[in-house]
1. Using 0.36 nm per residue of separation minus the Cα-Cα distance, give me the extension gain between E119 and R44 in nm, one decimal.
2. Let me have the 222 nm mean residue ellipticity of the chain computed from DSSP H runs of 4+ only, each contributing -39500 (n - 2.57), with the sum over all residues rounded to the nearest 500.
3. Might you report the magnitude of the Cβ-based charge dipole of the chain about its Cα centre, with Lys and Arg at +1 and Asp and Glu at -1, to the nearest 20 debye?
4. Could you tell me what fraction of 2.2 N^0.38 Å the Cα radius of gyration of region 30-104 comes to, as a two-decimal ratio?
5. Relative contact order, percent, of region 1-78 when contacts are C-alpha pairs under 8 Å separated by at least 6 residues?
6. So what is the relative contact order for region 18-62, in percent, with contacts set as C-alpha pairs under 8 Å and at least six apart?
7. 5 Å is the cut-off here: which amide hydrogens, built 1.01 Å from N in the peptide plane, fall below it relative to G115, excluding neighbours closer than 5 in sequence?
8. Can you list the residues, at least 5 places off or on another chain, whose amide H is less than 5 Å from the amide H of K157, using H built in the peptide plane?
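Each value in this text was obtained by applying a stated rule to the coordinates, not by laboratory testing. From a predicted model like this one, the values you see are computed outputs, not experimental measurements. Methodologically, a virtual Cβ is constructed for each residue, glycine included, from the backbone with ideal geometry; neighbour enumeration extends over all protein chains shown.
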Amino acid sequence: MESGMISQLQKAKRYAEEPERVTLETLSLHFQGDNNEYDLALDRDGWVCSCPGFGMHGLCPHIMSLERLLRPMLKRQPMPYGPHQNVVSDVDKANRYYAEQDRMKIRQFRAKFLGSNSEHIVTYEEGRWDCDSFSFTRLGVSSHTIAMERMLGELVKPQNRGEAVEPED
């Protein structure tokens, strides 16, 4: 393995233990609820979910579970409970969803990532990773994308490590 890649893996391990380095700017994902499938999105204006509970209360167990899961990367206050929302039931459901992360699949995100020397933009769309770092351009992966993959786990498709690496002579 190339020494540059070893360095990227070592930094990625450290970065993955520091999710507060990341600020999610946008996010869209698919969520398998108990009865239906829903689409969720986050942008600078906040969360949106296609479920009926969000339409009635402006908050739902799907968002509640994601806010808990992604808390260090969100840099925003959790959504307030809605009027007449069944908080006990929704919190119980959100806790269960938090434990059942295989229900969630990220489709797209854009994040700012504070690296050791500078800030980078990491994006993901339907399994395709990108980063504006020199390492990503050179290797097809970077410590930033590897760390994001570790932090997000099953919510994203893994990267094809070394795809852009030039063969050795």
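1. Working: separation 75, 0.36 × 75 = 27.00 nm, distance 1.88 nm.
Taking 0.36 nm per residue and subtracting the Cα distance, the gain is 25.1 nm.
2. Working: 6 runs with 63 residues, N = 169.
After summing the helix terms and dividing by residue count, I get -11000 deg cm²/dmol.
3. Details: 21 positive and 26 negative charges, 95 e Å.
Using only the charged Cβ atoms, the result is roughly 460 debye.
4. Numbers: Rg = 11.4 Å, N = 75, 2.2 N^0.38 = 11.3 Å.
Against the empirical 2.2 N^0.38 Å value, I get 1.00 for region 30-104.
5. Details: 71 pairs, mean separation 19.4, N = 78.
Rounded, it is 25 percent for region 1-78.
6. Details: 50 pairs, mean separation 11.4, N = 45.
After rounding, I find 25 percent.
7. Sorted by chain and number, the residues that satisfy this are H120.
8. Residues meeting the amide H criterion: G127.
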